[in-house]
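Student: Quick one: the structure is below, and I'll ask about it shortly.
Bear in mind these aren't lab numbers, they're just calculated from the coordinates by the rules spelled out. Being a predicted model, the structure only gives us computed values, none of them experimental. Note: ideal-geometry Cβ built from the backbone for every residue, glycine included; neighbour counts use all protein chains shown.
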Amino acid sequence: MRIELVKEFRFEAAHQLPMVPPDHKCFRMHGHSYRIEVMAEGEVDPKMGWLVDFGAVAAIVEPILKQELDHRTLNDIAGLENPTAENLCAWLWNRLHPLVPHLAAITVHETGASRCTYRGR
């Protein structure tokens with residue numbers, strides 16, 4: 001049986017987008033309550049009955065979010081000097097892909113109505 005499994009995480013951070021015009025609202029420093037979805041995809045292990053343990057995913061992702069992103073200014077983080085949702089997706093993919101089994105996609109919800117998904121292609 002092939003499935004998609006999603007574990008959701010949250011963190012708070014500030015950023016400003018240096019590449020937009022100075023009169024754009026995102027040029028000013030502001031913050032978001034980010035919601036991150038980490039999706040794994042693959043075949044369910046017939047013995048275990050799951051693809052990957054939700055707790056194992058959390059044990060990998062939560063320390064990265066808490067120690068590197070939460071309550072930080074994203075612009076100050078190497079690789080996030082222009083911290084768009086798109087760039088944050090790719091940054092998270094690069095950090096998590098070697099660690100999360102069967103990683104298939106990262107979705108960053110910047111607001112309740114705006115999100116971006118990266119599938120590592």
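Student: Using Cβ contacts closer than 10 Å as the measure, can you line up 118, 34 from fewest to most? Don't skip to the end; give the middle numbers.
Tutor: Numbers: 118 19, 34 22.
Taking fewest neighbouring Cβ atoms as first place, the list is 118, 34.
Student: Can you pull out the chymotrypsin sites (Phe, Trp or Tyr not before Pro) in the stretch 39-91 whose DSSP state is coil and whose Cβ has at most 14 other Cβ atoms within 10 Å? Kindly include the intermediate steps, with their values, before the conclusion.
Tutor: Values: sites: 50, 54, 91; in loops: 50.
Here the chymotrypsin sites (Phe, Trp or Tyr not before Pro) that fit, given the DSSP loop and packing criteria, are 50.
Student: Also, quick follow-up: Between the DSSP loop rule and a limit of at most 14 other Cβ atoms within 10 Å, which trypsin sites (Lys or Arg not before Pro) in the stretch 39-86 are left?
Tutor: On the way: sites: 47, 66, 72; in loops: 47.
Qualifying residues, ordered by number: 47.
Student: Okay, next question. Which GluC sites (Glu not before Pro) in the stretch 6-77 pass both tests, a DSSP loop state and at most 12 other beta-carbon atoms within 10 Å? Display every interim value, and only then the final one.
Tutor: Numbers: sites: 8, 12, 37, 41, 43, 68; in loops: none.
Taking the stretch 6-77 and a limit of 12 other Cβ atoms within 10 Å, no loop GluC sites (Glu not before Pro) are found.
Student: On alpha carbon coordinates alone, what is the Rg over Rh value for the chain, Rh being the Kirkwood radius? Working shown, then result.
Tutor: Working: Rg = 15.5 Å, Rh = 15.1 Å.
That ratio is 1.02, to two decimals.
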